[in-house]
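J.: The structure under discussion is supplied below as structure tokens; questions concerning it will follow.
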Amino acid sequence: MVAKLKPELWTTLICIAVHMDGNGQCFPTQQRIAEMMGISRTTANKYIQQLEKIEIDGEKIIKRVKKRNMITAAWDHTVYTINANATGVSIFDLAARQKSQKLLDLKNMPYAEYLKTAHWKKLRGTVLKRFEYRCAICNSNESIEVHHRTYERRGEERLTDLTALCDKCHELYHQNQR
């Protein structure tokens with residue numbers, strides 16, 4: 001996608017994108033875009049109009065909606081939405097950014113807090129079912145816990161990163177690791 005854009009249009013797109021909110025919408029004024037690029041407001045408007053015409057695989061890369069003031073009916077502000085699918089650039093993909101942030105949160109939170117998350121509870125349930133609620137070492141079905149073989153991928157664990165152990169085998173494992 002980037003190769004199809006002239007440098008000034010790519011720069012315009014980035015200047016719009018840096019104002020993106022949590023819903024994927026951007027609210028910079030043309031004046032702000034012009035200031036960021038060191039160009040006139042008229043030139044910024046020209047670049048925005050050019051961006052609006054560009055389609056990749058039949059999808060427009062940017063959508064601009066002008067909003068009116070409900071009381072005065074004057075133009076109030078403009079909302080830009082960048083089409084992440086059309087751009088093919090992940091920084092514009094709100095879902096990818098949210099997933100990345102969620103993963104970062106899971107990796108950085110205290111482990112005791114991590115064990116309380118919906119992500120861990122779902123994963124734990126999957127592992128317990130996989131081992132038929134039995135210890136992988138002694139085959140006991142009492143006090144089964146899920147053990148991390150590695151913490152490298154915390155938040156995006158593979159099933160092979162986890163195993164089911166009874167509390168006794170789990171404790172023995174950790175005692176032998178010390």
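The values are calculated or read from the model by the stated rules, or taken from the named source; none is laboratory data. Bear in mind that the values here come from a model prediction, so they are computed numbers and not experimental data. For neighbour counting, all protein chains shown are included, and Cβ atoms are generated from backbone atoms with ideal geometry for every residue, glycine included. Just so you know, the surface numbers come from the protein's heavy atoms only, side chains and all, with ligands and any DNA or RNA stripped out. Shrake-Rupley method; radii C 1.70, N 1.55, O 1.52, S 1.80 Å.
J.: For the stretch 43-72, enumerate the residues that are basic (Lys, Arg) and part of a strand (DSSP E or B).
T.: Hits for the stretch 43-72 are 60, 63, 64, 66, 67, 68.
J.: Can you name the number of the only condition in (1) closer than 22 Å to residue 84 by Cα; (2) open to solvent by less than 70 Å² (accessible area, probe 1.4 Å) that residue 69 fails?
T.: (1)
J.: Among the residues of the stretch 17-35, which ones are modelled with pLDDT of 90 or more and open to solvent by less than 70 Å² (accessible area, probe 1.4 Å)?
T.: Correct list: 28, 30, 33, 34.
J.: Take residues that are open to solvent by less than 30 Å² (accessible area, probe 1.4 Å), at pLDDT 90 or above and not polar (S, T, N, Q) and tell me which of the strands (runs of 3 or more DSSP E) falling wholly in the stretch 73-166 contain 3 or more.
T.: Counting at least 3 such residues, we get 144-148, 162-166.
J.: Among the residues of the stretch 43-62, write down those that are open to solvent by less than 70 Å² (accessible area, probe 1.4 Å), out of contact with any helix residue (DSSP H, G or I) (no Cβ under 8 Å at 6 or more places or on another chain) and at pLDDT 90 or above.
T.: The answer is 52, and nothing else.
J.: Something else about it: For the stretch 27-42, which positions are part of a helix (DSSP H, G or I) and in contact with a helix residue (DSSP H, G or I) (Cβ under 7 Å, 6 or more places away or on another chain)?
T.: Listed by number, the residues that qualify are 30, 31, 33, 34, 36, 37, 41.
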